[in-house]
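In what follows, a structure is listed as structure tokens, so that the remarks can point back to it.
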Amino acid sequence: MADNNHPRVVTRAKFSARAAAVAAIPSLRMLNSYLSTSTYGLRRNDPGICDFTLGNPHQMPPEAYVDTLRRNLTPQNDQWFAYKTNGAEARAAAAASLERLLEVPFEPEDIYLTTGGFTAIAMALKAVADPGDEVIYSLPPWFLYEPIITEAGLVPVKVRINPETFDLDLTAITAAITPRTRVVIVNSPNNPTGRIYPPTLLVKLAALLEVASAGNGHRIYLVSDEAYNRIVFDGTRFHSPAEYYPYTLLAYSFGKTHLAPGQRVGYLALPPTMPDRAEMREVLEALQISLGWIYPNALLQYALPELERFSIDVAQLQRRRDRLIEELTAMGYLLHRPEGSFYLFVNSPIPDDVAFTEMLASRDVFVLPGALFETPGFFRISLTANDQMVERSLSGFAAAITESRGG
Ligand SMILES: Cc1ncc(COP(=O)(O)O)c(C=O)c1O
């Protein structure tokens, strides 16, 4: 109640305009309600459901992973749990592993350890973009780009991928560039399509960003979201945009490779080809503190040199991919074969993907509707469901497509 001592303040909204804008983002609101009040939200903990929604584990974590954490928990000195910044050993391990993966000699000083891919992306945007600057990314996107962009006071600019190949549409990206463009986000291997963008396309992208930067009179940066760069199938070699465009900020998360997204650790890396890295280093170090000491916990930093060599069983994911593709295709579903990440992005048999996901839900099969990815007419299956869920789900997938055809 307002009184004379505490007059009601009516001249300002309760929340900052920016926070209110984030809270109002339709895809974020939809995700929140999907996780809380939808059929999935209400039934997500029911035993016996087949959960293909989020990239969460549905089997016990491997002993090797747990053992590594256990070993590194034991303090070796009185500073074990003191404040940590960018631990030298963790940085060196990350740089060496990036070099093994990409054959690019990353320097440990160019690895900025973060609490996962989220903060690496947020930090990259804040490092190079000013409020009002535009950030281009492709639909279907990881559904949290828009909140991260909006929270930074930036403007999301969305273009569509090529619907046939699931490749980036370079013509659409070129057309979307304006004098306010500061960043293009690229996500390969892609969530949700599973596409890995080939070097030929990345070379063309780099060339177009060079031309556009020159035309704008300022540098357009590329933020390469590589959360899934170790989850690749069929022996495919992953190529990073950082190999072709020196102004690339590479965001990585261990959450996918370890299938332990609750253990928050990742990094932002600068390629050795990036000019003026010394200035960028100072900016990133300042941001790591000012964004809220976004370094990973001490335990994860100690464990990283060992954990860095650990991966979930990608061959098992690939078998699951193949099993589902074979079965779903035989039932009449249309889908691409993903080259990486751990998702299948499937054409919904009816245009209303939300209605179709409900048909699946009524058979205990839970997937994410394409609407969550601003791409109606599709649904996403996460291959992190366990093998038992895959087998149990097959009759549900078959019955739902029959129902959708009026059967
Ligand atoms: C494409 C993409 N980028 C970034 C992230 C963030 O990863 P993390 O939760 O490990 O920070 C995710 C997680 O789902 C993702 O799918």
* To do: Being touching a helix residue (DSSP H, G or I) at 6+ places or on another chain (Cβ under 9 Å) and under 15 Å from Leu139 (Cα atoms) is the filter; apply it to the range 175-190 and report the residue that is nearest to the ligand (Cβ to nearest atom).
  => Asn187
* Would you check if Thr53 is among the β-branched types (Val, Ile, Thr), part of a loop (DSSP other than H, G, I, E, B) and open to solvent by less than 90 Å² (accessible area, probe 1.4 Å)? => yes
* Flag for Glu282 being farther than 15 Å from Glu226 by Cα and in the same structural domain as Val211 (by TED's automatic domain parsing) -> yes
* Checking Lys204 against (1) within 20 Å of Ala251 (Cβ to Cβ); (2) touching a Leu at 6+ places or on another chain (Cβ under 8 Å); (3) of a type outside the set (A, V, I, L, M), which single condition isn't satisfied? -> (1)
* Is it fair to say Phe106 is over 30 Å from Phe366 (Cα atoms), hydrophobic (A, V, I, L, M, F, W, C) and open to solvent by less than 70 Å² (accessible area, probe 1.4 Å)? -> yes
* Does the range 253-261 contain any residue that is more than 9 Å from the ligand (Cβ to nearest atom), surrounded by fewer than 24 Cβ atoms within 10 Å (Cβ to Cβ) and without any contact (Cβ under 8 Å) to a residue 40 or more places away in the chain? -> no
* To do: Please list, ordered by first then second residue, the pairs with beta carbon atoms under 7 Å, 6 or more apart or interchain, first in the range 206-229 and within 22 Å of Thr115 (Cα to Cα) and at pLDDT below 95, second within 16 Å of the ligand (Cβ to nearest atom) and assigned to a helix (DSSP H, G or I).
  => none
* Does Gly153 qualify as being of a type outside the set (A, V, I, L, M, F, W, C) and farther than 22 Å from Arg219 by Cβ? -> no
* Asked: If the Cβ limit is 7 Å and pairs must be 6+ apart or interchain, which residue in the range 284-302 that is more than 19 Å from Val128 (Cβ to Cβ) pairs with which residue that is at pLDDT 95 or above and part of a helix (DSSP H, G or I)?
  -> Tyr295/Gln288; Leu299/Leu69; Leu299/Asn72; Leu299/Leu73; Gln301/Ala90; Tyr302/Asn72
* Asked: When you scan the range 221-244, how many residues do you find that are acidic (Asp, Glu), within 24 Å of Asp276 (Cβ to Cβ) and away from the ligand (no atom under 14 Å from the Cβ)?
  -> 1
* To do: Report yes if some residue within the range 302-318 is open to solvent by 10 Å² or more (accessible area, probe 1.4 Å), of a type outside the set (Gly, Ala, Ser), closer than 30 Å to Gly87 by Cβ and in contact with a strand residue (DSSP E or B) (Cβ under 8 Å, 6 or more places away or on another chain); otherwise report no.
  => yes
* Residues in the range 323-335 that are without any contact (Cβ under 8 Å) to a residue 40 or more places away in the chain and either open to solvent by less than 50 Å² (accessible area, probe 1.4 Å) or not in a helix (DSSP H, G or I) (or both): how many? -> 3
* Structure fact -> Note on the range 374-399: residues in contact with a strand residue (DSSP E or B) (Cβ under 7 Å, 6 or more places away or on another chain), open to solvent by less than 30 Å² (accessible area, probe 1.4 Å) and not polar (S, T, N, Q) are Gly377, Phe379, Arg380, Ile381, Leu383, Ala385, Met389, Gly396, Phe397
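Quick grid of which residues meet (1) free of Cβ contacts under 8 Å to residues at least 24 places away in the same chain; (2) open to solvent by 20 Å² or more (accessible area, probe 1.4 Å); (3) assigned by TED's automatic domain parsing to the domain that holds Pro246; (4) over 23 Å from the mean Cα position of the chain (by Cα):
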position	(1), (2), (3), (4)
Arg70	yes, yes, no, yes
Phe81	no, yes, yes, yes
Glu89	no, yes, yes, yes
Glu99	yes, yes, yes, no
Thr114	no, no, yes, no
Thr119	no, yes, yes, no
Ala129	no, no, yes, no
Ile136	no, no, yes, no
* To do: Examine the range 353-362 for a residue that is open to solvent by less than 20 Å² (accessible area, probe 1.4 Å), closer than 23 Å to Tyr145 by Cα and either at pLDDT 95 or above or not polar (S, T, N, Q) (or both), and state whether such a residue exists.
  => yes
* Structure fact -> Note on Ile149: of the conditions (1) touching a residue at least 60 places away in the same chain (Cβ under 8 Å); (2) within 16 Å of the ligand (Cβ to nearest atom); (3) crowded, with 19+ Cβ neighbours inside 10 Å, unmet is (1)
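The values are calculated or read from the model by the stated rules, or taken from the named source; none is laboratory data. Note that the structure is a prediction, hence the values are computed from the model and not measured. Using ideal geometry, Cβ is built from the backbone for each residue, glycine included, and neighbour counts are taken over all protein chains shown. Note: accessible area is taken over every heavy atom of the protein model, side chains too, but ligands, DNA and RNA are not part of it. Shrake-Rupley method; radii C 1.70, N 1.55, O 1.52, S 1.80 Å.
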